[in-house]
Amino acid sequence: MNASGKPLVLIVDDAPENITLMNGLLKEAYGIRVATNGERALVAAAQEPRPDLVLLDVMMPGMDGYEVCRRLKADRRTRNIPVIFLTTKADVEDEQKGFDAGGVDYVTKPISPPIVIARVQTHLMLKAAQERAETLLLNVLPAQIAERLKHDNATIADAADAVSVVFADLVGFTQLAAARAPSELVRLLDGVFRAFDGCAAAAGVEKIKTVGDAYLAVAGLPAPRADHAAAAARFAFALREALAAYSASEGLALRLRIGIESGPAVAGVIGKHKFSYDLWGETVNTAARMESHGEPDRIQIGEGAARLLEKDFVLEARGEIDVKGMGRMRTWWLISPRR
């Protein structure tokens, strides 16, 4: 898009009369950028704001249109820009060469103005639809996972040796929900989880999912990080602060119970029609138990997390507790960062 909000079309042609013709056809509906050879086209395509579509001549001095298209598709900044070839080269072999280079359409000269306008409209609509679909995908999956899924149909499953899992649960929300209209309940939860999403983004922690009034996140996946435990701890403190601020704004007294554990985990994408990125393993189960066996307004951590956090954070030993399905376990309360 250009500054006026119109889609931006890059016209690449070495013939002034062709540029004048295309500019006249498109300037009312689209922003126009012009390049008169292949080298300038590559620069113009990478320039911000990037064009939404490229109209590309084939026969130009120096670099021809096929090579320009190949280079555009090889550059991560420009690979998603649709390219329509406009050329006098009308042989089937030439057309196939254009598609092989990465073009989405091939229009031969002399051009028919209605056909060019229709092709431009069609491919801009397709690009917009693809961008909406990708945005929806990014709302469901981490960016790295979404990118892998777009280019690989294989099962996505990753084993990580060192992650920190965070479970957070709203205390007493079931009773609060019983006295609220459905629309009000959804509004409250949406406000809470939007605030939590902001905390996750700020801490570099990956939100996995919400289940009812519980929130699950992980540090160290899908991108490994050496400070995953510290990131999880900072995220937990931020959750408490965010909930306190939101509760005060709503005149409520919402409270949070949080559990953290560090260790190995398996992550992957499941589902065919509705994708889900999820976590499995003993570390995940332990983090869930740390939350469910914890106390309101406190952060309970397991032994794996305690080993990684004791140097930089104040911990308070809780001792051994009976943990459902896991026997007796040593746990700690996470108090604060060390000054």
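The values are calculated or read from the model by the stated rules, or taken from the named source; none is laboratory data. It should be emphasised that the depicted structure is a prediction, and the values quoted were computed from it without experimental measurement. Glycine gets a Cβ as well: all are built from the backbone with ideal geometry, and neighbour counts include every protein chain shown. Heads up: the accessible areas ignore ligands, DNA and RNA and are worked out on the full protein's heavy atoms, side chains in. Shrake-Rupley method; radii C 1.70, N 1.55, O 1.52, S 1.80 Å.
Can you pull out the residues in segment 63-83 that are closer than 20 Å to E95 by Cβ and acidic (D, E)? Matches in segment 63-83: D64, E67.
Looking at this structure, is A231 aliphatic (A, V, I, L, M), open to solvent by 60 Å² or more (accessible area, probe 1.4 Å) and in contact (Cβ under 8 Å) with a residue 40 or more places away in the chain? When the stated conditions are applied, A231 does not pass them.
None of R298, R338, R328 is of a type in the set (K, R), over 30 Å from the mean Cα position of the chain (by Cα) and closer than 22 Å to A162 by Cβ except R338.
For the structure I just gave you, tell me whether V9 is at negative phi, β-branched (V, I, T) and open to solvent by less than 60 Å² (accessible area, probe 1.4 Å). In short, yes. Has segment 39-55 got at least one residue that is in a strand (DSSP E or B) and without any contact (Cβ under 8 Å) to a residue 60 or more places away in the chain? Checked segment 39-55: at least one residue is in a strand (DSSP E or B) and without any contact (Cβ under 8 Å) to a residue 60 or more places away in the chain.
Filter segment 33-66 for residues that are of a type in the set (S, T, N, Q) and in contact with an Asp or Glu (Cβ under 7 Å, 6 or more places away or on another chain) and give the result.
First, the residues of segment 33-66 that are of a type in the set (S, T, N, Q): 36-37, 47.
Within segment 33-66, T36, N37 meet the criteria.
Only a single item in (1) at pLDDT 85 or above; (2) farther than 30 Å from I299 by Cα; (3) open to solvent by less than 80 Å² (accessible area, probe 1.4 Å); (4) out of contact with any Gly (no Cβ under 8 Å at 6 or more places or on another chain) is not met by Y106, and it is number (4).
Rundown of residues vs (1) among the small types (G, A, S); (2) touching a Lys or Arg at 6+ places or on another chain (Cβ under 8 Å); (3) open to solvent by less than 50 Å² (accessible area, probe 1.4 Å), yes/no style:
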residue	(1), (2), (3)
A35	yes, no, yes
R50	no, yes, no
L55	no, no, yes
R71	no, no, no
A74	yes, no, no
R79	no, yes, no
T87	no, yes, yes
D91	no, no, no
A118	yes, no, yes
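Output the residue which, of all residues in segment 56-97 that are of a type in the set (D, E, K, R) and assigned to a loop (DSSP other than H, G, I, E, B), is farthest from E17 (Cα to Cα). Within segment 56-97, the match that is farthest from E17 (Cα to Cα) is R76.
Among the candidates P114, P142, which residue alone is at negative phi, modelled with pLDDT under 95 and under 17 Å from the mean Cα position of the chain (by Cα)?
Going through P114, P142 in turn, the sole match is P142.
Does E316 fit the bill of being assigned to a strand (DSSP E or B), at pLDDT 95 or above, touching a strand residue (DSSP E or B) at 6+ places or on another chain (Cβ under 8 Å) and open to solvent by 50 Å² or more (accessible area, probe 1.4 Å)?
For E316, the condition - assigned to a strand (DSSP E or B), at pLDDT 95 or above, touching a strand residue (DSSP E or B) at 6+ places or on another chain (Cβ under 8 Å) and open to solvent by 50 Å² or more (accessible area, probe 1.4 Å) - is met.
Considering I111, I19, the condition of being more than 22 Å from A128 (Cβ to Cβ), open to solvent by 20 Å² or more (accessible area, probe 1.4 Å), β-branched (V, I, T) and without any contact (Cβ under 8 Å) to a residue 60 or more places away in the chain is satisfied by I19 alone.
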